[in-house]
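> Okay, here's the structure, questions in a sec.
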Amino acid sequence: MRWSQMYIPTLREDQSDAELVSHQLLLRGGYIRKLASGIYIYLPLMQRVIHKFSNIVREEMNYAGALEIGMSVLCPAELWQESGRYNTVGNEQMRMKDRHQHEMVLCGTHEETVTTLIRGEIKSYRQLPLNLYQIQVKFRDEIRPRFGLMRGREFLMKDAYSFDATEKSFMESYQKMVDAYFRIFKRAGLDVVKVESDSGAMGGKAAHEFMLLVDTNGGEEIIFFCDKCDYTANVEKAEFKIEDSSSDEELKVTEKVDTPGAATIEEVTAFLKVEAKQLAKTLLYMADNKPVVAMVRGDRELNLIKLQNATEAIEIEMATPEQVQNFTSSPVGFAGPVGLKDVGIYVDPLVADMKNMIVGANEFEKHILNVNIDRDFKATKVVDLTSAQNEDQCPRCNYGKLNSKKGIEVGNTFMLGTKYSEALDAKYLDAEGKEHPIIMGSYGIGITRTPQSALERYHDDKGIIWPKNIAPFLVHLIPLNVKKDSHIETADRIYKELNEVGIDVLYDDRNDRAGVKFNDADLIGLPVRITIGDKSLKEGKVELKARSESDFILVDIDNIVIAVKQLLGRVN
Ligand code: ATP
Ligand code: MG
């Protein structure tokens, strides 16, 4: 493809609405443009990246035995009502009426649609297992669309759905997808890690996420690794071995004390001259509009997902200062469990083990000393609510220490069990003619998020460095002076030879200064650059350079195809 016939509107200036380097590079490199919040237009270069990545995904899914179908982004609302998710997806789902006043929804995922298809088609265990997938548009009215294609409202996803008769067969189907995922990301030049994750709103019993580790701000997820065994989990899910903190300290008499000017843990510990460990934080949340408090030890952080799971709430939000005042009769900073009425009290085991703890008194600038569970307040439930942190002990091997890294979720796999097949009545008959719900799994990959994620990892201060298998073109061909016949003749010849062997080339045929062309080449980030200039041309050579390396080599024009192949074989 010739640059003059492409549409690559590169921008010199940093764009003010892009916080992440990857987002910045996609805008500046002329890959995407924003239409509205979370809605992007994929320009020709981006579309090529999407095709390259989709093709890898498609090939590996096909190889794993999955079958490609296409499902509409629109779906009748009844199906979501039947599955029960109509009331649980919240405002993420866009809804509308068609001209017949029939309520429709835009799918953010397709369990309902695919299960409805299956229930009409699959009758017998002989028709199973089956895995259906698509590469399609999803729509989610995300609360905070941001970071360009990382979290859009409209985006592309590969979603696959497996259907099995037995648990054993399901585990094989699941493993096939996991294996396919590792092959997909490897081919895309990305080494990902598989981590245990919360199965959340999808239901089901277990789930994994595939994370690309990055050390930039793009890493929205925190992942814990055990330094001795293979335990890996994201922060939402990560557990840790609870140290034995029970003591036979005597229970003392409670005492209300003044804590003027001290509301935060730091202020209270400084004022009372105690350690954070002796305090329990009492945090008020609204779980489906009902107040609940979570109690975690003063030196630890609350894990909101664990609280959500413990309360079984669909939506959970931190209480507003007004709500705190209403339910605890005091401003923020002084909440405590003693005397709280009509509020569920969820207590972390580390707090349940505490003796003579210090808590807020539900009065402005007052705390209570020597509070004890069961004697002074009752827990609705004692349940793990604490986020893991570095240096915690591994819950799996009970031996190693946990360490965290930042990552981006590029894909995930869910064991759905029979949640959807039961709700939507997708059953099969076994060999004895007995009816059972089909066992399901679902598997997503972000088709637009993944390539942008790659850029968080692969860039330098000049621009993008695409992994070769998802680059829009493999070679950037630059004749330095398009007015010179010798440059154009050589460029035309190389262009033709490379295209003939299936190496796609972007041919910068613009009548522009070398500096402009080099800057654009570095910015858009194609893996290999060939430069044609007078000096080397005299010796029948051209310059060959990898985007990821700083030095170029001189190559005989006659050997260019083989040299490009060799270079491509060497780079990521
Ligand atoms: P997240 O936790 O990041 O919101 P999710 O758990 O909602 O992701 P899934 O519903 O399982 O994600 O979607 C499967 C894949 O689709 C994700 O792994 C991610 O790569 C991609 N994806 C999800 N939401 C978005 C979005 N808003 N924009 C772009 N890609 C997305
Ligand atoms: Mg999400």
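> Give me the residue from the range 84-102 that is open to solvent by less than 50 Å² (accessible area, probe 1.4 Å) and away from ligand 2 (no atom under 16 Å from the Cβ) and, out of that set, farthest from Val73 (Cα to Cα).
Across the range 84-102, the extreme among qualifying residues is Gly84.
> Yes or no: Ser54 surrounded by fewer than 20 Cβ atoms within 10 Å (Cβ to Cβ), in the same structural domain as Leu149 (by TED's automatic domain parsing) and of a type in the set (Ser, Thr, Tyr)?
yes
> Here is a list: Asn326, Asn303. Which entry is among the polar types (S, T, N, Q) and open to solvent by 30 Å² or more (accessible area, probe 1.4 Å)?
Asn326
> Being surrounded by 13 or more Cβ atoms within 10 Å (Cβ to Cβ), within 23 Å of Ala206 (Cα to Cα) and among the basic types (Lys, Arg) narrows it down to one residue among Lys281, Lys277, Lys237; which is it?
Result: Lys237 is the single residue among Lys281, Lys277, Lys237 that is surrounded by 13 or more Cβ atoms within 10 Å (Cβ to Cβ), within 23 Å of Ala206 (Cα to Cα) and among the basic types (Lys, Arg).
> Kindly provide the set of residues from the range 54-83 that are among the polar types (S, T, N, Q) and either under 29 Å from Ala180 (Cβ atoms) or within 16 Å of ligand 2 (Cβ to nearest atom) (or both), ordered by number.
Listed by number, the residues that qualify are Ser54, Asn55, Asn62, Ser72, Ser83.
> Moving on. Does Leu190 satisfy the criteria of being within 11 Å of ligand 1 (Cβ to nearest atom), crowded, with 20+ Cβ neighbours inside 10 Å, outside any strand (DSSP E or B) and assigned by TED's automatic domain parsing to the domain that holds Lys434?
no
> Now for a separate question. All but one of (1) over 30 Å from Asp230 (Cα atoms); (2) away from ligand 2 (no atom under 16 Å from the Cβ); (3) in a strand (DSSP E or B) hold for Arg126, so report the exception by its number.
All conditions pass for Arg126, except number (3).
> May I pose another question? Going through the range 127-154 one residue at a time, which ones are within 9 Å of ligand 1 (Cβ to nearest atom) and open to solvent by 30 Å² or more (accessible area, probe 1.4 Å)?
Residues satisfying the conditions are Arg140, Pro145, Arg151, Arg153, Glu154.
> Being more than 16 Å from ligand 2 (Cβ to nearest atom) and either free of Cβ contacts under 8 Å to residues at least 24 places away in the same chain or not β-branched (Val, Ile, Thr) (or both) is the filter here; which residues of the range 103-123 pass it?
The answer is Glu103, Met104, Glu112, Leu117, Arg119, Gly120, Glu121, Lys123.
> Moving to a separate point now. Pick out the one residue from Ile368, Ile345 that is part of a strand (DSSP E or B) and free of Cβ contacts under 8 Å to residues at least 60 places away in the same chain.
Going through Ile368, Ile345 in turn, just one is part of a strand (DSSP E or B) and free of Cβ contacts under 8 Å to residues at least 60 places away in the same chain: Ile345.
> Inspect the range 403-426 for any residue being out of contact with any strand residue (DSSP E or B) (no Cβ under 7 Å at 6 or more places or on another chain) and within 16 Å of ligand 2 (Cβ to nearest atom) and give the result as yes or no.
Taking every residue of the range 403-426 in turn, none turns out to be out of contact with any strand residue (DSSP E or B) (no Cβ under 7 Å at 6 or more places or on another chain) and within 16 Å of ligand 2 (Cβ to nearest atom).
> Inside the range 145-170, can you point out the residues that are part of a helix (DSSP H, G or I) and farther than 16 Å from Ala66 by Cβ?
Scanning the range 145-170 gives Gly148, Leu149, Met150, Glu167, Lys168.
> For Val105, which of the numbered conditions (1) part of a helix (DSSP H, G or I); (2) open to solvent by less than 20 Å² (accessible area, probe 1.4 Å); (3) in contact with a Phe, Trp or Tyr (Cβ under 8 Å, 6 or more places away or on another chain) fails to hold?
(1)
> Are there any helices (runs of 4 or more DSSP H) wholly within the range 1-98 with 1 or more residues that are under 30 Å from Lys186 (Cβ atoms) and either touching a helix residue (DSSP H, G or I) at 6+ places or on another chain (Cβ under 6 Å) or at pLDDT 95 or above (or both), and if so which?
21-28, 44-63
> Among the numbered conditions (1) open to solvent by less than 10 Å² (accessible area, probe 1.4 Å); (2) over 24 Å from Met150 (Cβ atoms); (3) small (Gly, Ala, Ser); (4) not assigned by TED's automatic domain parsing to the domain that holds Phe147, tell me where Gly502 comes up short.
The one condition Gly502 does not meet is (1).
> For the range 423-447, which positions are more than 16 Å from ligand 1 (Cβ to nearest atom) and either part of a loop (DSSP other than H, G, I, E, B) or not assigned by TED's automatic domain parsing to the domain that holds Arg119 (or both)?
Within the range 423-447, Leu424, Asp425, Ala426, Asp430, Ala431, Glu432, Gly433, Lys434, Ile438 qualify.
> What's the number of the condition Ser124 fails, among (1) surrounded by fewer than 20 Cβ atoms within 10 Å (Cβ to Cβ); (2) of a type in the set (Gly, Ala, Ser); (3) in contact with a His (Cβ under 8 Å, 6 or more places away or on another chain)?
Evaluating Ser124 over (1) surrounded by fewer than 20 Cβ atoms within 10 Å (Cβ to Cβ); (2) of a type in the set (Gly, Ala, Ser); (3) in contact with a His (Cβ under 8 Å, 6 or more places away or on another chain) leaves (3) as the failure.
> Could you list, ordered by first residue, the pairs with Cβ atoms under 7 Å in which the first is in the range 389-413 and in a loop (DSSP other than H, G, I, E, B) and the second is among the small types (Gly, Ala, Ser) and more than 16 Å from ligand 2 (Cβ to nearest atom), at least 6 apart or interchain?
Asn390/Ser404; Cys394/Gly400
> Would you mind listing the strands (runs of 3 or more DSSP E) fully within the range 213-262 where at least 1 residues are more than 25 Å from Val338 (Cα to Cα)?
Those strands (runs of 3 or more DSSP E) span 221-226, 232-234.
The values are calculated or read from the model by the stated rules, or taken from the named source; none is laboratory data. Only a predicted model underlies this, so the values are computations on that prediction, with no experimental measurement involved. Here the Cβ is made from the backbone with ideal geometry for all residues, glycine too, and neighbour counts use every protein chain on show. Side chains are part of the model used for accessible areas, which takes the heavy atoms of the whole protein and leaves out ligands, DNA and RNA. Shrake-Rupley method; radii C 1.70, N 1.55, O 1.52, S 1.80 Å.
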